[in-house]
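> A single structure is presented below for examination.
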Amino acid sequence: MKVKGVTQYQFMPLHAEGPQFCASNVIILTRITTQLPSDKLPTTVRDRYQHLVLADPEFDVPGPIDMLIGSDLYPHMLQSKAYIIHSTGLPSAMSTHLGWIVVGALDESPTSPMVSLSIGSTPEIEGLLQKFWTIEEPDIPNILTTEDEQCEVWFQKSTTRDVSGRFVVSLPFRSSVRALSEPLTSQNPDDLGSSRSLALNRLYNLERRLARDSEIYTAHRKFTDDYINLGHMKPASVPGKYFIPHHAVVKHEEKGLKIRVVFDASAKSTSGR
C-alpha cells in the first residue's frame, strides 16, 4: 500500500464542542481496507441501541473506513469508568470519549444472518504488473562468456544511425569480432561468396507454389505490399552483395488463411559462410 504522507490528528466527537485527544505520526494511506461491515447488520442491532449517542451513527451500514486506531490510542478512548451494555445474541455497546461504540459478534443461530467483519484488500494493478514482469523476466547470467563480451563490444563499436534515424549494425562475423582491434572498413563483403543463385532458386520454387494456390498468392502479395507501404523494404538502388532467401509459412484457420513470411538470413553462400 502506497504511503502518501504523515500528519497529526485531533479526535472530535459528534456530540462534543472540542477534541478529546490527539494523535501524532498518523500515516496517510490511499485506502485502509474494504468497506465494513461487509453486509448490512440486522435491524435488531440498531433497534437495541438506538437510544444511545453513537460514535458512528451509521455503524450498521457498509461504508469506508476513515481511520485505523492502534492499541496505543485505544486506552485514551475509554472513560475512567466505562459502561458496557450486553445483549444476548447481539454485539455489546461500550461508552467511550467518542460516543458509544458497538463491538462483538452476532449470534450464529439460523435466525441471524452471518456477517463477515474481516479485513481484505484488492491488489493494485501496478503491483500486479510489477509481479508479472518479475516472474516473466528471464534470468540474466551472472558471468558473461568470452564470446558474449566480444559481441557486446562489437555492437557498441559498430552500431550507427543513418540520416533517417534507423539503427545500422554490422554483421558479427567471428573473424571480425575476435579481431576487435581491426578497423571496420577492412571487412570485405566479397568474403561472403555468392548467394544470388541460391536465393533465386528458392524464389523460383516459391513462385511455382504460389501459382498453384491463388489464395496463398494473394496473401503473400498483400504481405509484400504492406512491407512496401510501411517502409520496411524498397527496390534496391545499387546491385546487392548478399541475398536473403525467404519462404511463406501458411496456417489455415476457421476465419481464413494466415500467412507468415520467414527470411532465412542463415542460408550459406557459395563460400560456406
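> Would you check if residue 43 is modelled with pLDDT of 85 or more and loosely packed, with under 11 Cβ neighbours inside 10 Å?
Criteria met by residue 43.
> Being touching a Ser or Thr at 6+ places or on another chain (Cβ under 6 Å), open to solvent by 60 Å² or more (accessible area, probe 1.4 Å) and of a type in the set (Gly, Ala, Ser): is that true of residue 80 here?
It is false that residue 80 is touching a Ser or Thr at 6+ places or on another chain (Cβ under 6 Å), open to solvent by 60 Å² or more (accessible area, probe 1.4 Å) and of a type in the set (Gly, Ala, Ser).
Conditions (1) in a strand (DSSP E or B); (2) within 37 Å of the chain's Cα centre (by Cα), marked per residue:
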position: 5; (1), (2): yes, yes
position: 24; (1), (2): yes, yes
position: 33; (1), (2): no, yes
position: 40; (1), (2): no, yes
position: 47; (1), (2): no, no
position: 57; (1), (2): no, no
position: 61; (1), (2): no, yes
position: 68; (1), (2): no, yes
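> Name the residues in segment 251-265 that are under 33 Å from the mean Cα position of the chain (by Cα) and not aromatic (Phe, Trp, Tyr), would you?
251, 252, 253, 254, 255, 256, 257, 258, 259, 260, 261, 262
> Exactly one condition in (1) within 21 Å of residue 15 (Cβ to Cβ); (2) in contact (Cβ under 8 Å) with a residue 60 or more places away in the chain; (3) open to solvent by 50 Å² or more (accessible area, probe 1.4 Å); (4) not aliphatic (A, V, I, L, M) is false for residue 99; which is it?
Of the numbered conditions (1) within 21 Å of residue 15 (Cβ to Cβ); (2) in contact (Cβ under 8 Å) with a residue 60 or more places away in the chain; (3) open to solvent by 50 Å² or more (accessible area, probe 1.4 Å); (4) not aliphatic (A, V, I, L, M), the odd one out for residue 99 is (3).
> A follow-up question, please. Starting from segment 150-175, keep only residues that are within 22 Å of residue 244 (Cα to Cα) and of a type in the set (A, V, I, L, M, F, W, C), then list their pairs with residues that are open to solvent by 80 Å² or more (accessible area, probe 1.4 Å) and part of a helix (DSSP H, G or I) whose Cβ atoms are within a distance under 7 Å, requiring at least 6 positions of separation or different chains.
169/155
> Here is a further query. Looking for whichever is among the polar types (S, T, N, Q), within 42 Å of the chain's Cα centre (by Cα), farther than 27 Å from residue 164 by Cβ and surrounded by 11 or more Cβ atoms within 10 Å (Cβ to Cβ) here; the options are 270, 224, 218. Which one fits?
Exactly one residue qualifies, and that residue is 218.
> Are any residues in segment 46-56 aliphatic (A, V, I, L, M) and open to solvent by less than 40 Å² (accessible area, probe 1.4 Å), and if so, which ones?
Correct list: 52, 54, 55.
> Quick one: count up the residues across segment 13-30 that are at pLDDT below 75 and either exposed (fewer than 12 other Cβ atoms within 10 Å of the Cβ) or over 20 Å from residue 95 (Cα atoms) (or both).
Of the residues in segment 13-30, 4 are at pLDDT below 75 and either exposed (fewer than 12 other Cβ atoms within 10 Å of the Cβ) or over 20 Å from residue 95 (Cα atoms) (or both).
> So, one more: What residue, among those in segment 57-73 that are closer than 20 Å to residue 15 by Cβ and of a type outside the set (A, V, I, L, M), is most open to solvent (accessible area, probe 1.4 Å)?
Checked segment 57-73; the qualifying residue most open to solvent (accessible area, probe 1.4 Å) is 66.
> So, one more: For segment 74-96, what are the residues that are in a loop (DSSP other than H, G, I, E, B) and at pLDDT below 80?
Within segment 74-96, 79, 80, 81, 82 meet the criteria.
> Now for a different question. Output the qualifying pairs, or none if there are none: Cβ atoms under 8 angstrom, residues six or more apart or on different chains, first residue in segment 66-89 and on the phi > 0 side of the Ramachandran plot, second residue assigned to a loop (DSSP other than H, G, I, E, B) and open to solvent by less than 60 Å² (accessible area, probe 1.4 Å).
89/106; 89/109; 89/112
> In contact with a strand residue (DSSP E or B) (Cβ under 6 Å, 6 or more places away or on another chain), open to solvent by 100 Å² or more (accessible area, probe 1.4 Å) and modelled with pLDDT of 55 or more: which single residue out of 155, 167 fits that description?
That would be 167, the only listed residue that is in contact with a strand residue (DSSP E or B) (Cβ under 6 Å, 6 or more places away or on another chain), open to solvent by 100 Å² or more (accessible area, probe 1.4 Å) and modelled with pLDDT of 55 or more.
> Let me confirm something: among 249, 238, which residue is open to solvent by 80 Å² or more (accessible area, probe 1.4 Å) and closer than 30 Å to residue 174 by Cβ?
Going through 249, 238 in turn, just one is open to solvent by 80 Å² or more (accessible area, probe 1.4 Å) and closer than 30 Å to residue 174 by Cβ: 238.
The values are calculated or read from the model by the stated rules, or taken from the named source; none is laboratory data. Not measured: the values here are computed from a predicted model. Cβ sites come from the backbone with ideal geometry, for glycine too, and all protein chains shown count toward neighbours. For accessibility, only protein heavy atoms count, side chains too; no ligands or nucleic acids. Shrake-Rupley method; radii C 1.70, N 1.55, O 1.52, S 1.80 Å.
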